[in-house]
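Chemist: Just passing along the structure, written as structure tokens.
Bear in mind that the values in this text are calculations on the coordinates, not laboratory data. Keep in mind that this is a model prediction, so the values were computed, not measured. Because the Cβ atoms are built from the backbone with ideal geometry, glycine has one as well, and the counts that use them run over all protein chains shown.
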Amino acid sequence: MKQIKTVAGIVYNSENKILCTLRDKGKYEYVSFKWEFPGGKVEEGETPHQTLKRELMEELEIEVEIGDKFFQVEHDYPDFHLSMQLYKCVLISKNLKQNVHKGIKWLAPEEILNLDWAEADLPVAKAIYNENVFEK
């Protein structure tokens, strides 16, 4: 099975709300129009932090301070295995631009399970809901 290594951010703002991004129609129907945490594929020679900074700039034109690793996902989709590291990130930028996503929402942890998450992102959303993601 094809292996895909990604990194994503649990990006939160000064109001302790978390950035959730809606995928547009894509190659795989089962993740199209599903909510996810922003990030992307690790390129050859990149560290997870370099990937996350690059992806957040490309997708949303935001800068973040990357903190501790929050979660590790290993998920088998029908066409590939996804290995995804997620890091807590503090939003530094004032503005955000929607370059690739169909929608965005800023949600409090207690609201996070109200979205239709991609399967690999759902356990992360549940962890955010059940734990205090903002503890340092």
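Chemist: For the pair GLU58/GLU111, report the inter-label distance in nm, with labels modelled 7 Å from Cα in the Cβ direction.
Modeler: It is 3.0 nm.
Chemist: Another question about this same structure. By a straight-distance test (C-alpha under 19 Å), which aspartates and glutamates pair with LYS105 as possible cross-link partners, with residues fewer than eight away in the same chain excluded?
Modeler: Straight-distance partners of LYS105: GLU15, ASP24, GLU36, GLU55, GLU58, GLU59, GLU61, GLU63, ASP116, GLU119, ASP121.
Chemist: Can you run phi through the Karplus equation (6.51, -1.76, 1.60; θ = phi - 60°) for segment 21-35 and list ³J(HN,Hα) in whole Hz, with x for Gly and Pro?
Modeler: Listing the rounded values in order: 10, 9, 5, 8, 4, x, 4, 10, 4, 6, 10, 5, 6, 10, 7 Hz.
Chemist: Relative to the Cα centre, what is the charge dipole magnitude of the chain, using +1 at the beta carbon of each Lys and Arg, -1 at the beta carbon of each Asp and Glu, and rounding to the nearest 20 debye? Walk me through the numbers on the way to the answer.
Modeler: On the way: 18 positive and 24 negative charges, 44 e Å.
Value, rounded to 20: 220 debye.
Chemist: Next question, about the same structure. Non-local amide H neighbours of ILE10 (under 5 Å, H modeled in plane, Pro and chain starts lacking H): which ones?
Modeler: Residues meeting the criterion, in which the H sits 1.01 Å from N, are TYR87, LYS88, CYS89.
Chemist: Using θ = phi - 60° and the Karplus curve 6.51 cos²θ - 1.76 cosθ + 1.60, what whole-Hz ³J(HN,Hα) does each residue of segment 106-123 get, with Gly and Pro shown as x?
Modeler: Karplus values, whole Hz, x for Gly and Pro: 9, 10, 6, x, 6, 9, 5, 7, 7, 9, 8, 7, 4, 3, 5, 8, 4, x.
Chemist: Related question: So what's segment 4-101 giving for Cα Rg divided by 2.2 N^0.38 Å, two decimals?
Modeler: My calculation over the Cα atoms of segment 4-101 gives 1.04.
Chemist: What does the highest-first list of 117-123, 105-111 look like by mean Cβ count within 10 Å?
Modeler: Per-residue mean Cβ counts within 10 Å order the peptides as 117-123, 105-111.
Chemist: Suppose we look only past 14 Å in the calculated P(r) of segment 46-114. What percent of the Cα-Cα pairs does that tail hold?
Modeler: The share of Cα pairs beyond 14 Å in segment 46-114 comes to 70 percent.
Chemist: Turning to a different aspect of this structure: Under the rule of at least 5 residues apart or a separate chain, name every residue whose amide H is placed under 5 Å from the amide H of TRP117.
Modeler: Amide H neighbours of TRP117, under 5 Å, 5+ apart: TRP35.
Chemist: For segment 9-85, which GluC sites (Glu not before Pro) pass both filters: DSSP loop (anything but H, G, I, E, B) and at most 12 other C-beta atoms within 10 Å?
Modeler: Here the sparse-neighbourhood loop sites are GLU15, GLU43, GLU44.
Chemist: Using a Gaussian network for the chain with springs between C-alpha atoms less than 10 Å apart, which of these wobbles most: LYS53, LYS17, LYS97?
Modeler: LYS97
Chemist: Related question: Each residue of segment 65-71 in order: what ³J(HN,Hα) in whole Hz does its phi give by Karplus 6.51 cos²θ - 1.76 cosθ + 1.60, θ = phi - 60°, with x for Gly and Pro?
Modeler: Once θ is set to phi - 60°, the couplings for segment 65-71 become 9, 7, x, 6, 5, 9, 7 Hz.
Chemist: With runs of 4+ DSSP H residues as the only contributors, calculate the mean residue ellipticity of the chain at 222 nm using -39,500 (n - 2.57) per run, divided by the residue total and rounded to the nearest 500.
Modeler: -5000 deg cm²/dmol
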